[in-house]
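Below is a structure I'd like to ask you about.
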Amino acid sequence: MIVEEEISVSMELQEMLTENGYKSKSKRARNRVGFCLIVVFLLHACAFDVVHLRQSSCQIEKVKSNGKSFRLGKEVQVTLDTGYSRKLKDGVRWDYVGVIPLGEVFRTNDQILTVEGSNIFEAYIVVSSGKLVGFYLPVEKTFSSISQPIELEIIELKYIQ
């Protein structure tokens with residue numbers, strides 16, 4: 001009798017394990033499918049829009065400046081064609097770097113200036129006839145124009161030699 005009971009209990013236990021093993025495999029498969037769906041959703045949600053910054057290649061010509069520098073008399077808000085905007089702070093000193101066909105190039109140490117599309121680029125301002133016409137990107141050696149030139153309030157700095 002005891003042997004029959006042990007065999008019976010052992011068979012019931014084996015059936016239970018097989019059932020549970022099958023159920024856990026099914027449950028694992030559902031979990032995997034759910035995990036894959038979550039990953040696909042997250043990858044789709046993380047995709048970013050590519051915003052191109054129009055750039056044209058140009059070489060900066062280093063021309064003797066005779067200490068040509070200026071300060072901005074008032075703050076200027078610049079909205080780029082990419083939709084991002086930048087603020088040129090008043091009182092910031094801009095130092096002459098060189099010239100490109102579209103104007104004179106100036107940089108500053110008083111503020112960090114970048115232009116932004118899908119990437120962020122270090123930028124110098126390009127001024128022609130007292131107007132901001134765009135940005136020179138020194139690392140890329142390119143020029144990026146703005147759609148509407150902006151009049152700058154320029155306070156020229158005089159040097160005594």
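So which trypsin sites (Lys or Arg not before Pro) in segment 61-108 end up in coil per DSSP with only 14 or fewer other C-beta atoms within 10 Å? If you can, show how the numbers build up before the last one.
Values: sites: K62, K64, K68, R71, K74, R86, K87, K89, R93, R107; in loops: K62, K64, K68, K74, K89.
Passing both the DSSP loop test and the Cβ count: K62, K64, K74, K89.
Please state, to two decimals, what the Cα-based radius of gyration of segment 110-161 comes to when divided by 2.2 N^0.38 Å (N = residues).
That ratio works out to 1.32.
Once you keep just the Cα pairs under 8 angstrom separated by 6 or more residues, what percentage relative contact order results for segment 56-156?
On the way: 223 pairs, mean separation 28.0, N = 101.
It rounds to 28 percent for segment 56-156.
For the pairs K89/K158; K62/K158; K62/K87, note any where the Cα-Cα span goes beyond 25 Å.
Cα-Cα > 25 Å for K62/K87; rest within.
The numbers here are math on the coordinates, done by the rules we state, and not lab data. Quantities reported herein were computed from a predicted structural model and do not represent experimental measurements. Ideal geometry is used to build each Cβ from the backbone, glycine not excepted, and the neighbour counts take in all protein chains shown.
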